[in-house]
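J.: Here's a structure for you.
Since every read-out is calculated from the coordinates, none of them should be taken as a lab result. Bear in mind that the values here come from a model prediction, so they are computed numbers and not experimental data. When we count neighbours, we look across all protein chains shown, and the Cβ atoms used for this are built from the backbone with ideal geometry, even at glycine.
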Amino acid sequence: MALYSNHTRRPAARNVRNTAIIVLLVLFALATLFPIYFMVISSFGDPVEAGAVSYQLWPSKITLASFKFFFDYSEYSYRWILNSLIVAGSIMITNVLFASAAGFAFSKLRFKGRSVLFTVLLCAMMIPYQVTQVPLYILVVNVFHLQNTYTALIMPSLVTVYNIFLAKQFMGSIPTEILESAKVEGCNPWQIYWRIILPLSKTVLAVMAILTFMDSWNTFFWPLLVTNTMDMQTIQVGLKNFRFANTTYLAPMMAGATISALPMFILFFSLQRYFLEGVTVGAVKG
Amino acid sequence: MAQQAAKIKKRRLQDDGAWGYLFIAVALVVYALFTAYPVVSAFIISFQDYKPLGSTFIGFDNYVSTFHSELFWKSIRNTVVYTVLTVPVALFLSFSVAILILPLKKWMQTAFKAIYYLPVVASGVALSVVWLWIYDPMPEGIFNKLIGLFGAHNQNWLGTTTYSMLSLVIMAWLSSHGAAIIIYLAALLGIDESYYEAADLDGAGFLQKLWHIVVPSLKPTTLFLLVTSVIGSFQVFQNAYLMTGGGPDHATTMVGLLIFDNAFKYFEFGKAAAQSLILALIIAVISLFQFKFLGKDVEY
């Protein structure tokens with residue numbers, strides 16, 4: 001029937017088995033969720049130094065003072081969140097636009113050098129980012145003199161090869177007959193892309209948008225490299241600086257961590273389906 | 001007539017030419033500027049003593065000094081140890097969890113998938129901040145209390161050469177399995193029911209079905225996860241950078257962190273470029289090796 005026996009004759013046996021499985025899974029889930037739980041719970045504590053703190057797994061009181069402490073640390077704390085939103089939002093939009101356009105061209109249009117160009121693009125996925133990091137830094141900072149600008153934060157990620165690959169894989173599955181008949185009706189490739197391909201690819205583009213937003217929200221090293229004043233930092237870099245400046249303050253540090261993760265949690269819980277779908281979309285025929 | 005129509009059709013398709021380039025224009029420019037050029041540039045820099053104004057060509061010096069550097073080999077060893085300790089365990093955990101989730105109802109499957117995926121959503125910086133406190137070396141520290149329950153003495157987890165690597169490994173075990181579980185579960189659900197039916201007729205039990213049907217069917221998935229995890233693990237250094245800084249005594253200096261330090265702490269761009277290319281070569285060789293020896297009967 002399946003991997004597991006249905007125990008059709010003994011429903012009690014099946015119940016016992018499923019309960020045992022659920023207990024195991026819940027135990028593992030507790031271990032997985034514990035750091036996040038601990039982060040949120042501790043963030044509601046008082047902003048006092050760790051010497052006076054005993055770790056609590058259940059809050060004895062709830063106060064937002066540590067959040068206030070985090071925001072009071074720098075006059076730019078709010079700006080970090082805004083910066084992250086601007087950078088991640090821009091990268092999300094440009095990726096959806098340009099990756100879908102390139103994916104459409106690579107899957108449905110004919111032009112000279114198409115497969116060669118696509119292969120060259122794919123090679124990029126095999127190059128460790130350490131290789132490109134140094135020259136990229138020199139290019140952006142020393143050649144273009146873009147240090148400490150939004151352009152520097154956004155530009156290198158305008159469109160990623162992974163997203164082009166994702167779009168191409170999906171659009172390849174759209175029947176070419178539809179596009180042929182649109183052509184006969186007199187549509188040019190732009191109209192086909194805008195009126196047929198994009199509406200049909202809504203789901204995969206939503207997945208792409210969410211995963212891209214999450215990646216750039218959580219990016220740490222590139223913003224660390226190209227920003228040097230607090231007002232241009234993203235929330236991840238800000239959180240790191242806050243941590244190094246307040247090594248003994250447990251609750252405010254947890255409040256900062258909670259703030260940096262909270263937008264992603266909200267996004268995850270409201271759009272969970274797309275997140276979970278996104279994981280397998282990229283893995284199929286990897 | 002038909003021939004003529006086919007000709008027209010063919011011409012129309014070839015008309016796409018200019019449009020095709022237009023649609024990929026931005027992607028190509030971004031790729032050329034921020035991927036292709038840096039790769040070429042990395043090769044050039046690796047043969048230079050890089051200075052912002054006037055670099056000098058020094059041949060293979062950066063490579064030679066790297067191969068003579070004890071720290072480089074130590075960082076390679078650390079990376080290998082980290083990979084060997086994290087990847088197989090994470091894959092085994094993910095596989096087992098996916099098997100356990102399989103018989104549950106659909107809504108429970110979704111709930112567990114979401115729970116296990118949650119740490120992936122949180123930023124690495126946030127998680128490192130939390131784990132830093134979990135590993136508090138004081139007796140009140142959470143991890144110390146936990147092992148105290150089993151009668152062990154409290155340890156300075158991140159601060160001693162004995163335990164710092166293990167601490168990073170444990171953290172990886174508990175926060176990096178989300179995607180693998182989901183991918184395994186999708187693959188499990190894709191196994192043809194008729195295999196199980198045939199096995200049932202032969203009177204095969206759960207373990208026999210697991211070994212003779214599930215494990216072979218999931219081989220491509222396992223290979224995919226293995227190769228991507230190893231590649232990822234060889235580049236990883238964010239947790240080491242944020243939690244131990246590579247210490248103590250370079251016990252957690254991964255090769256990725258060494259390259260980062262050389263580049264952005266000591267500004268030895270040439271050395272960093274040479275080391276990054278060596279890393280790329282190592283990763284390519286290992287990936288090829290895995291495909292060759294494990295992918296023998298895997299079809300794509």
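J.: Of the options A:V207, A:A182, A:A257, report the single residue whose Cα projects farthest towards the positive end of the charge dipole of chain A (beta-carbon charges: Lys, Arg +1; Asp, Glu -1).
T.: Of the candidates, A:A182 comes out farthest on the positive side.
J.: If you don't mind, another one. For chain B, what are the DSSP H helices with axial Cα length of 27 Å or more and mean Kyte-Doolittle hydropathy of at least 1.6? Before the final figure, lay out the partial values.
T.: Values: long enough: B:2-31 (43 Å, 0.14); B:70-101 (46 Å, 1.44); B:269-294 (37 Å, 1.72).
What comes out of the filter, once short or polar helices are dropped, is B:269-294.
J.: Which FRET efficiency value, to the nearest 0.05, do you get for A:T151 and B:L71 by plugging their Cβ-Cβ distance into 1/(1 + (r/R0)^6) with R0 = 30 Å?
T.: Efficiency for this residue pair is about 0.25.
J.: In terms of the Cα gyration tensor, with a ≥ b ≥ c the square roots of its eigenvalues, is chain A rounded because a/c is under 1.5, prolate because a/b exceeds b/c, or oblate?
T.: oblate
J.: Principal axis extents for region A:55-139, Cα atoms only, whole Å, descending order, please.
T.: For region A:55-139, the Cα extents along the three principal axes come out at 67, 30, 30 Å.
J.: Can you spot the aspartates and glutamates whose alpha carbon is less than 14 Å from A:K112's alpha carbon? Ignore those fewer than 8 places along the same chain.
T.: Here the aspartates and glutamates satisfying the reach criterion relative to A:K112 are B:D15, B:D16.
J.: For region A:13-80, report the translational diffusion coefficient in µm²/s to the nearest whole number, using Stokes-Einstein at 37 °C, 0.692 mPa s, and a Kirkwood Rh over Cα pairs.
T.: This corresponds to a translational diffusion coefficient of 219 µm²/s.
J.: Sum up the charges of everything whose Cβ sits under 14 Å from the Cβ of B:Y196, counting Lys and Arg as +1 and Asp and Glu as -1, but leave B:Y196 out.
T.: On the way: positive: B:K209; negative: B:D192, B:E193, B:E197, B:D200, B:D202.
Net of charged neighbours comes to -4.
J.: In addition: Among the listed pairs A:K108/B:K219; B:K74/B:K271; B:K74/B:K265; B:K209/B:K292; A:K68/B:K265, which are separated by more than 24 Å between their Cα atoms?
T.: Violating the 24 Å limit, Cα to Cα: A:K108/B:K219; B:K209/B:K292; A:K68/B:K265.
J.: Quick one: among A:R17, A:R110, A:R243, which has the greatest mean-square fluctuation in a GNM of chain A with alpha-carbon springs under 10 angstrom?
T.: Fluctuation is largest for A:R17.
J.: Also, quick follow-up: Modelled label-to-label distance, B:D61 and A:N142, 7 Å Cα→beta-carbon offset: nm?
T.: Using points 7 Å along Cα→Cβ, the separation is 1.5 nm.
J.: Of the candidates B:S229, B:S194, B:S128, which one comes out as most mobile in a Gaussian network treatment of chain B with C-alpha springs shorter than 10 Å?
T.: Comparing B:S229, B:S194, B:S128 in a Gaussian network model of chain B, the most mobile one is B:S194.
J.: Moving on to the next point. What's the extension gain from A:V26 to A:E180 if we count 0.36 nm per residue and subtract their Cα-Cα distance?
T.: Full extension from A:V26 to A:E180 adds 50.2 nm.
J.: If you build a Gaussian network model of chain B, linking Cα atoms that sit under 10 Å apart, which residue out of B:W107, B:W133, B:W19 swings the most?
T.: Among B:W107, B:W133, B:W19, the largest mean-square fluctuation in the Gaussian network model of chain B belongs to B:W19.
J.: What is the average number of partner chain Cβ atoms found within 10 Å of a Cβ in B:134-147?
T.: 2
J.: How much net charge surrounds B:L158 when only the other residues with a Cβ under 13 Å from the Cβ of B:L158 are counted, with Lys and Arg +1 and Asp and Glu -1?
T.: -2
J.: Then there is this: Please report Rg over Rh for the protein assembly as shown, where both radii come from the alpha carbon positions and Rh follows the Kirkwood definition.
T.: Reported Rg/Rh (Cα atoms, Kirkwood Rh): 0.99.
J.: Rounded to the nearest 500, what is the 222 nm mean residue ellipticity of the protein assembly as shown from helices alone, with -39500 (n - 2.57) per DSSP H run of 4+ residues and division by all residues? Show your work: numbers first, answer last.
T.: Working: 28 runs with 395 residues, N = 586.
Value at 222 nm, helices only: -22000 deg cm²/dmol.
J.: Cut-off under 15 Å on the C-alpha distance; same-chain residues fewer than 8 positions from B:K145 excluded. Which aspartates and glutamates are left, in chain and number order?
T.: B:D136
J.: Tell me the net charge near A:L64. Cut-off is 14 Å between Cβ atoms, A:L64 excluded, with +1 for each Lys or Arg and -1 for each Asp or Glu.
T.: Net charge in that neighbourhood comes out at 0.
J.: At q = 0.12, 0.15, 0.17 Å⁻¹, work out log10 I(q)/I(0) for region B:52-129 with the Debye formula, treating every Cα as an identical point scatterer and leaving solvent out; two decimals please.
T.: -0.66, -0.80, -0.89
J.: Taking the Cα-to-Cβ direction at A:A12 and at A:N188 and moving 7 Å from each Cα, how far apart do the two end points lie in nm?
T.: 7.6 nm
J.: Here's a follow-up. Any idea what diffusion coefficient region B:71-294 gets from Stokes-Einstein, in µm²/s, Kirkwood Rh on alpha carbon pairs, 37 °C, 0.692 mPa s?
T.: 167 µm²/s
J.: Which residues' amide hydrogens lie under 5 Å from the amide hydrogen of B:Q48, considering only partners 5 or more residues apart or on another chain, with H built in the peptide plane?
T.: Distant-sequence amide H within range of B:Q48: B:I58.
J.: R0 = 45 Å: FRET efficiency of A:Y4 with B:D49, Cβ-based, nearest 0.05? All intermediate terms of the calculation are to be shown ahead of the outcome.
T.: Details: r = 64 Å, r/R0 = 1.42.
Calculated transfer efficiency: 0.10.
J.: A follow-up question, please. With a 10 Å Cβ neighbour count serving as the proxy for reagent exposure, in which order, fewest first, do B:H68, A:H7 appear?
T.: Final ranking by Cβ density, sparse to dense: B:H68, A:H7.
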